[in-house]
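Scroll down for the structure; my scribbles are underneath it.
Nothing in this text is a laboratory measurement; each read-out follows from the coordinates by a stated rule. This is a predicted model, so every value here is computed, not measured. Glycine also receives a Cβ, built like all others from the backbone with ideal geometry; neighbour counts cover every protein chain displayed.
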Amino acid sequence: MWGRDRRWATVAGATAVLLLGAGCGTGAGAGGGSSAFGREAAHAEIVAAVEKSGLPKSDLPGLGGPTPTGSTPGPTPSTERERLAERAAACTAAWQYLGPPVDGSRDSFKKAVAALVGEKWTEGNRQVEKLDEHGGTLTFVSLKKRGWTLYARHTSAQQAMSIEMISLQASEDACMAKFSKGERETLFGPDAEQS
């Protein structure tokens, strides 16, 4: 079972990078703006958890936040995968760090997850896998709140290239459910599974 979950975590992490490059619009997501807990609220809670926890500064754009006034729009999607990524971005709020390892980031990651639980996100599945004999690990935690699913990941690989990836990615369940199986495979790859 963990093998499929690991593939999903890897695919979802890579998709977060894809979505970060897709740009994002404003609004409460494609699931509708009537919900009191929408995209902006999910993004605000993620940002607050990051700030409270002491996670490293990210130079990557914050997915799910409002587009700055006067910003240059991204290029028009030219492939089906790019069009699907743009649709998925409307369902998503996230923060991600990708860079060299930072001392204390594992503890900061745990604090960020605890801060989200303090905001009434319900913790679900938690898995930790040893990646190498040098202390590299993959930690995966799923959380749910009011029709949203959040995947928190911390990956620290110490083998050939020292790199750390930390992501907090929330998706609106109803919005993501509008993607067909074929669209999910196009967006996430053939091993895509929706949890």
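Using a cut-off of 29 Å between Cα atoms, the listed pairs Lys52/Lys181; Lys57/Lys178; Lys52/Lys130; Lys52/Lys178; Lys111/Lys181; Lys120/Lys178 include Lys52/Lys181; Lys57/Lys178; Lys52/Lys178; Lys111/Lys181 as exceeding that distance.
With viscosity 1.306 mPa s and temperature 10 °C, the Kirkwood radius over alpha carbon pairs of region 74-173 converts through Stokes-Einstein to a diffusion coefficient of 106 µm²/s.
Spin-label model, Glu133/Val47: points 7 Å from Cα along the beta carbon direction are separated by 4.5 nm.
Think of region 67-155 as having a plus end and a minus end, set by charges on the Cβ of Lys, Arg, Asp and Glu; of Val113, Leu138, Tyr97, Val113 sits farthest toward the positive end of this dipole. Dipole check for region 83-188: with +1 at the C-beta of Lys and Arg, -1 at the C-beta of Asp and Glu, and the Cα centre as origin, the magnitude is about 460 Debye. 3J(HN,Hα) along region 107-122: 5, 5, 4, 4, 5, 5, 4, 4, 5, 5, 4, x, 9, 6, 6, 8 Hz, from the Karplus curve 6.51 cos²θ - 1.76 cosθ + 1.60 with θ = phi - 60°, whole Hz, x for Gly and Pro.
Sorting 134-141, 149-156, 173-180 by their mean Cβ neighbour count within 10 Å, with the most densely packed peptide first, gives 149-156, 134-141, 173-180.
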